[in-house]
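Here's the structure, in structure tokens; my notes come after.
The values are calculated or read from the model by the stated rules, or taken from the named source; none is laboratory data. Because the structure is a prediction, the values reported are computed rather than measured. We place every Cβ from the backbone using ideal geometry, glycine too, and count neighbours over all the protein chains shown. In case anyone asks, the SASA skips ligands and DNA or RNA and just uses the protein heavy atoms, side chains included. Shrake-Rupley method; radii C 1.70, N 1.55, O 1.52, S 1.80 Å.
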Amino acid sequence: MTLLLAGLDAPLRALRLLAADHPDLPAPVVSVSTIYPDRLELSFHDGLGAFETWRDALRIAPDRVEHHVHAGGRTRVLTAGVEYAGARLCLVGYAKVHVLVEERSRAEVAS
């Protein structure tokens with residue numbers, strides 16, 4: 001059975017309310033999907049500052065944030081979720097992991 005646009009009412013309503021209630025917050029990448037019709041995802045790809053601004057505005061406690069590392073240790077990912085206006089709101093923040101230059105092994109130095 002094909003999902004109608006009305007089936008995405010919860011995340012679209014949440015997005016409409018967020019835009020009205022928080023117009024001065026950083027703009028996210030917005031995702032709404034027929035696969036998860038009750039979910040609204042807001043993602044931030046330029047560091048974690050915007051993620052933290054939204055987390056604070058939505059009063060999501062820091063201990064509800066999950067941390068992961070992807071892309072072979074090169075990308076830090078923070079996720080947090082909350083119910084908002086009848087939708088499951090998911091925040092996702094991406095940031096590059098800054099790696100310090102590692103000491104060269106003895107074998108590399110000897111060669």
Going by alpha carbons, how many degrees (0 to 90, nearest 10) lie between the helix axis of 9-21 and the longest principal axis of the chain?
80
Rounded accessible area per residue of the range 9-105, 1.4 Å, Å²
65
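Got the relative contact order for the chain handy, in percent, Cα pairs under 8 Å and 6 or more residues apart?
Averaging sequence separation for qualifying contacts and normalising by length gives 26 percent for the chain.
Quick one: pull the percent of accessible area on the chain belonging to carbon and sulfur, 1.4 Å probe, ligands and nucleic acids left out. Mind showing how you got there, number by number?
Details: 4250 of 7790 Å².
About 55 percent, which is the carbon plus sulfur part of the accessible surface.
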For volume of the Cα convex hull per residue in Å³ the list reads (1) 266; (2) 141; (3) 113; the calculated value is entry (2)
Which order, highest average first, do 10-20, 63-73, 25-35 follow once you tally other Cβ atoms within 10 Å for each residue and take the mean per peptide?
10-20, 25-35, 63-73
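At a Förster distance of 41 Å, what's the computed FRET efficiency of residue 97 paired with residue 16, Cβ-Cβ distance as r, to 0.05? Don't skip to the answer; put the middle values down first.
Working: r = 35 Å, r/R0 = 0.86.
The calculated FRET efficiency here is 0.70.
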Determine the calculated [θ] at 222 nm for the chain from helices alone, applying -39500 (n - 2.57) to every DSSP H run no shorter than 4 residues and normalising by the residue count; nearest 500 deg cm²/dmol.
-7000 deg cm²/dmol
Given an 8 Å cut-off on Cα distances and at least 6 residues of separation, report the relative contact order of the range 29-83 as a percent.
22
Springs between alpha-carbon atoms under 10 Å, Gaussian network over the chain: tell me which of 52, 83, 41 tops the mean-square fluctuations.
83
